[in-house]
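Sharing a structure, written as structure tokens. Questions coming.
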Amino acid sequence: MIPRMKKDLGFTLVEISIVLIIAGLMLSGMLGAYLSQIEANRIRETRQALHEVRDALIGFALSNGHLPCPANPALANTATLAGQEERSGVTGNCTYIDGVLPWATLGVKELDAWGKRYSYRVTSYFADTSNATIGPSATCIPAADPAVSFAICSVGDITILPQAGTLGGIPAVAVIVSHGKNLRGAYGPSGGTRLGNLAGDELENANNDTSFVDHPFVHDADPLAENYFDDLVDWVSPSILIGKMAAASRLP
Ligand SMILES: [Ca+2]
Ligand SMILES: [Ca+2]
């Protein structure tokens, strides 16, 4: 009787190494795809939230006759006034023109998909409670409804630029900014101050003036590079707001 050949099931070290390298490459590719899917979901979620915020701002104006004031950005979210719009009880003017979205006043989420607050700036005469302050136009007449803070010919004082330092741009009465994945310029849920390393177009979205920048992402290898841009920006257009106010018979 001929003895059976014993089959050798062992692998050489070279074979094991090749298998491990291939498995490693597959896993790192899958991990990369998984991480970019998470990031794409965060961007989509935040864009959707910004659209809802814009609708909430318009709804607030329809109901109250003025836009909400910003909330105090420095307050931790455990503070009593956290997320509440802040205005003078005497004059009705906003305490802050630049701050964070008054999420509690509007009934929307405090944080974007990266766990930071939305910056929010509003044109003062659209957010105060006086129909005597309606903007710079000499031909503008006050709103017929004394409870409406602006008139049909009011324009905002905020500009959305395609790039910092350029001319032109889109007029806005309020702007909301998610500072995106690199977080710079954002306030967190514990308040305090803006996160640092501000530069370039992202600096324009966090330097407390009337100019903001919105353009597609610029993903440099270094998320703190000057030209890196991952901010998500939305705004309330004066014509859309005034059109909705007129349709609801809040403006003549
Ligand atoms: Ca006003
Ligand atoms: Ca950013």
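The values are calculated or read from the model by the stated rules, or taken from the named source; none is laboratory data. If you're wondering where the values come from, they're calculated on a predicted model, not measured in any experiment. Cβ sites come from the backbone with ideal geometry, for glycine too, and all protein chains shown count toward neighbours.
Can you pull out every residue in region 198-232 that is small (Gly, Ala, Ser) and either at pLDDT below 95 or within 11 Å of ligand 2 (Cβ to nearest atom) (or both)?
Restricting attention to region 198-232, the residues satisfying the condition of being small (Gly, Ala, Ser) are 199-200, 206, 211, 221, 225.
Listed by number, the residues that qualify are ALA199, GLY200, ALA206, ALA221, ALA225.
Does region 27-41 include one or more residues that are part of a helix (DSSP H, G or I), surrounded by 13 or more Cβ atoms within 10 Å (Cβ to Cβ) and among the charged types (D, E, K, R)?
Looking through region 27-41, at least one residue is part of a helix (DSSP H, G or I), surrounded by 13 or more Cβ atoms within 10 Å (Cβ to Cβ) and among the charged types (D, E, K, R).
Of all the residues that make up region 182-197, how many are within 9 Å of ligand 2 (Cβ to nearest atom) and either free of Cβ contacts under 8 Å to residues at least 40 places away in the same chain or among the acidic types (Asp, Glu) (or both)?
So the answer is 0.
Looking only at residues in region 102-130 that are away from ligand 1 (no atom under 13 Å from the Cβ) and assigned to a strand (DSSP E or B), which one is surrounded by the fewest Cβ atoms within 10 Å (Cβ to Cβ)?
LEU111
With respect to PRO171, is the statement that it is away from ligand 2 (no atom under 15 Å from the Cβ) and free of Cβ contacts under 8 Å to residues at least 12 places away in the same chain true?
No.
Look at region 97-112 and say how many of its residues are closer than 14 Å to ASP234 by Cβ and in contact with a Ser or Thr (Cβ under 8 Å, 6 or more places away or on another chain).
Looking only at that region, the number is 2.
So in region 152-163, with the set limited to residues that are more than 18 Å from LEU50 (Cα to Cα) and crowded, with 22+ Cβ neighbours inside 10 Å, which one is farthest from ligand 2 (Cβ to nearest atom)?
So the residue we want is SER154.
Here's a follow-up. Condition first: touching a strand residue (DSSP E or B) at 6+ places or on another chain (Cβ under 8 Å) and crowded, with 24+ Cβ neighbours inside 10 Å. Can you find one or more residues in region 138-149 that meet it?
no
Which of the numbered conditions does VAL236 fail, given that it passes all the others? Conditions: (1) touching a residue at least 12 places away in the same chain (Cβ under 8 Å); (2) within 16 Å of ligand 2 (Cβ to nearest atom).
Tallying (1) touching a residue at least 12 places away in the same chain (Cβ under 8 Å); (2) within 16 Å of ligand 2 (Cβ to nearest atom), VAL236 fails exactly one: (2).
On to the next question. Give all pairs with beta carbons closer than 8 Å in which a residue from region 132-160 that is within 16 Å of SER63 (Cα to Cα) and free of Cβ contacts under 8 Å to residues at least 24 places away in the same chain meets a residue that is away from ligand 2 (no atom under 16 Å from the Cβ) and assigned to a loop (DSSP other than H, G, I, E, B); count only pairs at least 6 apart in sequence or on separate chains.
These pairs meet every condition: PRO146/ASN131.
Also: Have a look at LEU62, LEU67 and point out the one that is touching a helix residue (DSSP H, G or I) at 6+ places or on another chain (Cβ under 7 Å) and either closer than 23 Å to TYR187 by Cβ or assigned to a loop (DSSP other than H, G, I, E, B) (or both).
LEU67
I would also like to ask the following. Which residues, taken from region 212-237, are under 19 Å from ILE97 (Cβ atoms) and either of a type in the set (Asp, Glu) or touching an Asp or Glu at 6+ places or on another chain (Cβ under 6 Å) (or both)?
Let us first name the residues in region 212-237 that are under 19 Å from ILE97 (Cβ atoms), namely 212-213, 233-237.
Those that are under 19 Å from ILE97 (Cβ atoms) and either of a type in the set (Asp, Glu) or touching an Asp or Glu at 6+ places or on another chain (Cβ under 6 Å) (or both): VAL213, VAL233, ASP234.
How many of the residues in region 77-101 are under 19 Å from the mean Cα position of the chain (by Cα) and part of a loop (DSSP other than H, G, I, E, B)?
As a first pass, look at region 77-101 and keep what is under 19 Å from the mean Cα position of the chain (by Cα): 77, 82-85, 96-101.
This time we only want the ones that are part of a loop (DSSP other than H, G, I, E, B), so: 77, 82-84, 96-97, 101.
Residues that pass the stated criteria total 7.
Right, here's the next one. Would it be correct to say that LEU203 is under 24 Å from GLU39 (Cβ atoms), surrounded by fewer than 21 Cβ atoms within 10 Å (Cβ to Cβ), more than 16 Å from ligand 1 (Cβ to nearest atom) and under 15 Å from the mean Cα position of the chain (by Cα)?
Yes.
Which ranges mark the strands (runs of 3 or more DSSP E) fully within region 131-188 that have 2 or more residues being away from ligand 1 (no atom under 13 Å from the Cβ) and farther than 29 Å from ASN72 by Cβ?
none
So THR166 fits all but one of (1) within 16 Å of ligand 2 (Cβ to nearest atom); (2) of a type in the set (Ser, Thr, Tyr); (3) under 22 Å from ASP98 (Cα atoms); (4) over 15 Å from the mean Cα position of the chain (by Cα); what number is the exception?
If we test THR166 against (1) within 16 Å of ligand 2 (Cβ to nearest atom); (2) of a type in the set (Ser, Thr, Tyr); (3) under 22 Å from ASP98 (Cα atoms); (4) over 15 Å from the mean Cα position of the chain (by Cα), just (1) comes out false.
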